[in-house]
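This structure is in structure tokens; I'll ask about it shortly.
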Amino acid sequence: MTASRLRRLRLSVTVPVVVAGLMAAVGTAASVSVLERLRGNQQAELQRLIDGIGGSLSAALGAHVAQHDVWSTYDLIDSVMAGQQQLPPSFVMAIDDSGLILASSRPLDFPVGTAPPADVVGRLALPDIALDDTEAVVGRLIPMVQDGRQVGQLAIAFNTGPFVAERREVLATLIAVNAALTLAMAGLGYAVVCRMVAPAAGFLRRIEDAVGDDLRPVASTDIAAAPREFADLYRRFNAVVAAAREREHLADQLAREEKAALMGRLAAAMAHEVNNPLGGLLNAVDTLDRHGARSDVRDEGIAILRRGLTGIRDVVVGMLVAWRRDDGGAWLTAAAIDDLKALIGPQARRKALGVDWRNGLDRPLALPAGTVRQVALNLLINAANAAPVGGTVSLDCALDGPDLVIAVGDDGPGLPAAWQRFLADAGTSPALPDPGALGLWTVRALVGREGGRIAAEVSTAGTVVTVRFAAREEIRHDAA
Amino acid sequence: MPRPRGGMPTRLTRRRLLAAGALATAGVGVRPARGESPIRFGLTPVVLDSDRQFQADFRGALERALAQPVELVQRRSYQEIMALLLSGQLHAAWICGYPYVQYASRLSLLAVPVYRGQPLYQSYLVANRARPAAALEDLRGHVHAFSDPDSNSGYLVTRYLLARMGETPASFFRETFFTYGHRNVIRAVAAGLADSGSAEGYVWDVLSEIEPQLTQACHVVSRSDWFGFPPVAALSTRMHEPAVRGIGDALTGLEGSDAGRRLLDLLRFDRFVAVGPEHYARIAEISRFVEMQS
């Protein structure tokens, strides 16, 4: 498991895993140490056995070997072997002065009067006795001396199998004990950490609730009952909640003021749009009054009056749309979207913007019309602001299954990355990239409230901000 | 003659007898004497002499019959017991027929056991189970275990059979050694120390009952002719002593008491009887044959 994966795990899992890992490491180190110590003890024990049995036997057998007394030699070896029930030698062999076997504890393997196998003698002639993890036969060749003369050699050998088996048994026991301890410690660690992080889990639930705009402070009773570290955390959280609520309240207020300012600018624009042609219209009326008998003058005057009045009508329609009261739970219709074209019209004309308008909404949707319109209008205003003079603003309203998808585009320099992140990050409350620009903040807040999603795509051609709303239910036709 | 390992199968000489007797005197008997001077009785491995029950019952039977403490004397070889007997340090001894015929002129027979209806026994050639053999010829090249250089069944008989074939133990066998006991011969063969051995048939039969794990590892290759069972003998010069005569009477009278019958049952004997020197004529005959071939 890599460190990054470990960091992503829950603390209640991470800590037991780390504890288990540490226990396993400590257990392994201790086991290796124990086994090495055991190996050393076994080696010393083996050496003591060889020295003890071999030394006493070689001394006792000297006279028999000197006399070439096969039976007495065998009888003594046999009685010594019978006394070594716990750890008997693999074999004991008396070799006479001519290098032939006089007697051995395994006469069938080492017959009387034959030469001992060269490999066996070679193995016993090795200077050191080393115990490794594989079963082997180790031993010594001990000279037998009688009356100051070497009369032969005693070969004594032990099978290391019992030592290897003992070490394996100890290893198995160590593994079992370490595994049990590791599991117990991991379980204990899990229980302790779960108990320790329980307040954090409650805190996490509060944070998760906050993502759904249900930002509630921790009750004072909960703070009093929490551990000191978490009590401090709760108090700081409450301070953050209070600050967030204040900021939200301020933002709402600013939004309302922005709307009022927007309306003021609209009213001013309307007055401008009405007042400017009004002088021309009055002049046209005067001209008609004086020269209305002339057909060319009359026609031109009427044309001027028509254009002027049409312009005034557009301004009035836009104002009506802008001041239309939010229809609360009213369903969203294609007309509610198309109304926005009139609202964006004056700004578009001022910057000589082309408006590419596609409204594919063919039926009412169970979405709050006011919220959707406010979102779309803010995006259109933002797009119109971003688009260069003579540029293009687009709106594409379409249905994608049960979802409503509104894409607002412009051919401006592109939405800054900070704003892109601001719009796309639905789970947290990131800082406002530009505190004065509340249009997109309003968009993000409204879309988040309705459970929608926002995506901003920036390219060399400009910016397209796409908003997706999920219709809550299918509208019955009789209700429409 | 090539010398088998671990033994000295040479004839007893007077000098050797005296030397061995002096050494044996320094030895310790099976049982220390009580206040009264004990009757000293020599034991050899012609029977399972190391059996504790046998020693206790045998000594008890003699003590009851003789009303005197009895000391059982054991040594490693027949030669040592014969040295003690011939030097007058033993009242009597249970010896083999072969040393008896060698010193028949100085010894008198006190009693001989009746085994399975007759005072006779056989020598067995035995081999390890892993060494199939049906006759002496099949044992050529073996490592062969003998009992004692002064044993009839455990040495002389096999040597006689080889002599008839124009062979000696050294020429016929790859290796030979003495174990100084018929039970030891069977142990050596069972363990594989020897491929084959020469042992007393009576000891084999008893071991088949009481230590079958030993005899099961071996098989009998051949059985010899019948020979006189090892006798209890004493120096002829001491036959006037009541204690010496009493030993013969005690043994021949064993079947007359419960304790005696228990001892006879323990030894698998029917009874003890008195026999004459002619009972060992066959042993004397093969002994002379072997000596002539040497």
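Table: residues versus (1) of a type outside the set (Gly, Ala, Ser); (2) within 21 Å of A:THR442 (Cβ to Cβ).
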{"residue": "A:ASN378", "(1), (2)": "yes, yes"}
{"residue": "A:SER394", "(1), (2)": "no, yes"}
{"residue": "A:GLY401", "(1), (2)": "no, no"}
{"residue": "A:VAL408", "(1), (2)": "yes, yes"}
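While we're on this one: So in segment A:66-86, with the set limited to residues that are touching a residue at least 24 places away in the same chain (Cβ under 8 Å) and within 26 Å of A:PRO162 (Cβ to Cβ), which one is farthest from the other protein chains (Cβ to nearest Cβ)?
A:GLN84
Restricting attention to helices (runs of 4 or more DSSP H) lying wholly within segment B:140-217, give those where 2 or more residues are within 13 Å of chain A (Cβ to nearest Cβ) and under 27 Å from B:PRO231 (Cα atoms). Walk me through how you get there before you give the answer.
Values: elements: B:157-164, B:169-172, B:182-191, B:201-210, B:212-215.
Because the criterion is at least 2 residues that are within 13 Å of chain A (Cβ to nearest Cβ) and under 27 Å from B:PRO231 (Cα atoms), the helices (runs of 4 or more DSSP H) in segment B:140-217 that meet it are B:182-191.
Output the number of the condition that A:ARG106 fails; it satisfies all remaining conditions of (1) buried (at least 19 other Cβ atoms within 10 Å of the Cβ); (2) within 26 Å of B:PHE177 (Cα to Cα).
If we test A:ARG106 against (1) buried (at least 19 other Cβ atoms within 10 Å of the Cβ); (2) within 26 Å of B:PHE177 (Cα to Cα), just (1) comes out false.
Also, I was wondering about something else. Return the pair list, or none, for Cβ contacts closer than 8 Å from residues in segment B:250-261 that are under 15 Å from B:LEU66 (Cα atoms) to residues that are in a loop (DSSP other than H, G, I, E, B), at least 6 apart or on different chains.
Within 8 Å, the pairs are B:THR252/B:ALA274; B:GLY260/B:GLY253.
Within segment B:230-238, is there a residue that is assigned by TED's automatic domain parsing to the domain that holds B:THR179 and among the charged types (D, E, K, R)?
no
Got a sec? Which of A:ILE129, A:ILE142 is away from chain B (no Cβ under 14 Å) and within 16 Å of A:GLN43 (Cβ to Cβ)?
Details: A:ILE142 fails: within 16 Å of A:GLN43 (Cβ to Cβ).
Result: A:ILE129 is the single residue among A:ILE129, A:ILE142 that is away from chain B (no Cβ under 14 Å) and within 16 Å of A:GLN43 (Cβ to Cβ).
State the number of residues belonging to segment A:147-187 that are loosely packed, with under 13 Cβ neighbours inside 10 Å and aromatic (Phe, Trp, Tyr).
Residues in segment A:147-187 being loosely packed, with under 13 Cβ neighbours inside 10 Å and aromatic (Phe, Trp, Tyr): 0 in total.
Return yes when A:LEU61 is among the hydrophobic types (A, V, I, L, M, F, W, C) and within 14 Å of chain B (Cβ to nearest Cβ) and no when it is not.
Values: among the hydrophobic types (A, V, I, L, M, F, W, C): yes; within 14 Å of chain B (Cβ to nearest Cβ): yes.
Spelling it out, A:LEU61 is indeed among the hydrophobic types (A, V, I, L, M, F, W, C) and within 14 Å of chain B (Cβ to nearest Cβ).
So, B:TYR124, is that one under 14 Å from the mean Cα position of the chain (by Cα), at pLDDT 95 or above and within 17 Å of B:VAL232 (Cβ to Cβ) or not? Can you show your working first?
On the way: under 14 Å from the mean Cα position of the chain (by Cα): yes; at pLDDT 95 or above: yes; within 17 Å of B:VAL232 (Cβ to Cβ): no.
So B:TYR124 fails the test.
Would you check if A:LEU131 is touching a residue at least 60 places away in the same chain (Cβ under 8 Å), part of a loop (DSSP other than H, G, I, E, B) and either crowded, with 16+ Cβ neighbours inside 10 Å or more than 60 Å from the chain's Cα centre (by Cα) (or both)? I'd like the intermediate steps shown before the answer.
On the way: touching a residue at least 60 places away in the same chain (Cβ under 8 Å): yes; part of a loop (DSSP other than H, G, I, E, B): yes; either crowded, with 16+ Cβ neighbours inside 10 Å or more than 60 Å from the chain's Cα centre (by Cα) (or both): yes.
Criteria met by A:LEU131.
Among the candidates A:ALA348, A:ALA322, single out the residue that is under 24 Å from A:ALA387 (Cα atoms) and at pLDDT 85 or above.
Values: A:ALA322 fails: at pLDDT 85 or above.
A:ALA348 is the lone residue from the list that is under 24 Å from A:ALA387 (Cα atoms) and at pLDDT 85 or above.
Now, a different point. Can you say whether B:ARG183 is surrounded by fewer than 21 Cβ atoms within 10 Å (Cβ to Cβ) and in contact (Cβ under 8 Å) with a residue 24 or more places away in the chain, as far as the supplied structure shows? Give the derivation first.
Working: surrounded by fewer than 21 Cβ atoms within 10 Å (Cβ to Cβ): no; in contact (Cβ under 8 Å) with a residue 24 or more places away in the chain: yes.
For B:ARG183, the condition - surrounded by fewer than 21 Cβ atoms within 10 Å (Cβ to Cβ) and in contact (Cβ under 8 Å) with a residue 24 or more places away in the chain - is not met.
Residue-by-condition table, conditions (1) small (Gly, Ala, Ser); (2) over 17 Å from B:ALA199 (Cβ atoms); (3) surrounded by 23 or more Cβ atoms within 10 Å (Cβ to Cβ):
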site	(1), (2), (3)
B:ALA127	yes, no, yes
B:VAL143	no, no, yes
B:SER153	yes, no, yes
B:ARG159	no, no, yes
B:PRO169	no, no, no
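Check A:PRO402 against each of (1) surrounded by 21 or more Cβ atoms within 10 Å (Cβ to Cβ); (2) under 38 Å from the mean Cα position of the chain (by Cα) and name the one condition it does not meet.
So the condition that A:PRO402 fails would be (1).
Let me ask something else. The conditions are (1) buried (at least 22 other Cβ atoms within 10 Å of the Cβ); (2) more than 14 Å from chain A (Cβ to nearest Cβ), and B:GLN118 fails exactly one of them. Which is it?
(1)
Right, next: What are the residue pairs meeting all of these: first residue in segment B:265-276, first residue surrounded by 15 or more Cβ atoms within 10 Å (Cβ to Cβ), second residue assigned to a loop (DSSP other than H, G, I, E, B) and of a type in the set (A, V, I, L, M, F, W, C), Cβ atoms under 7 Å, and 6 or more apart or on different chains?
B:LEU267/B:VAL47
Mind checking which residues of segment A:140-151 are in a strand (DSSP E or B) and either at positive phi or aliphatic (A, V, I, L, M) (or both)?
So in segment A:140-151, the residues in a strand (DSSP E or B) come out as A:140-146, A:149-151.
The answer is A:LEU141, A:ILE142, A:MET144, A:VAL145, A:VAL151.
If we scan segment A:281-297, do we find a residue that is in contact (Cβ under 8 Å) with a residue 60 or more places away in the chain and either more than 49 Å from the chain's Cα centre (by Cα) or part of a helix (DSSP H, G or I) (or both)?
The initial filter retains those residues of segment A:281-297 that are in contact (Cβ under 8 Å) with a residue 60 or more places away in the chain, namely none.
No, segment A:281-297 has no match at all.
Here is a further query. Here is a list: B:ILE81, B:ILE39. Which entry is in contact with a Lys or Arg (Cβ under 6 Å, 6 or more places away or on another chain) and buried (at least 19 other Cβ atoms within 10 Å of the Cβ)? Spell out how you get there, then give the answer.
Values: B:ILE39 fails: in contact with a Lys or Arg (Cβ under 6 Å, 6 or more places away or on another chain).
Unique residue meeting the criteria: B:ILE81.
The values are calculated or read from the model by the stated rules, or taken from the named source; none is laboratory data. For clarity, every value in this text was computed on a predicted model and none was experimentally measured. Reconstructed Cβ throughout: ideal geometry from the backbone, glycine too, with neighbour counts over all protein chains shown.
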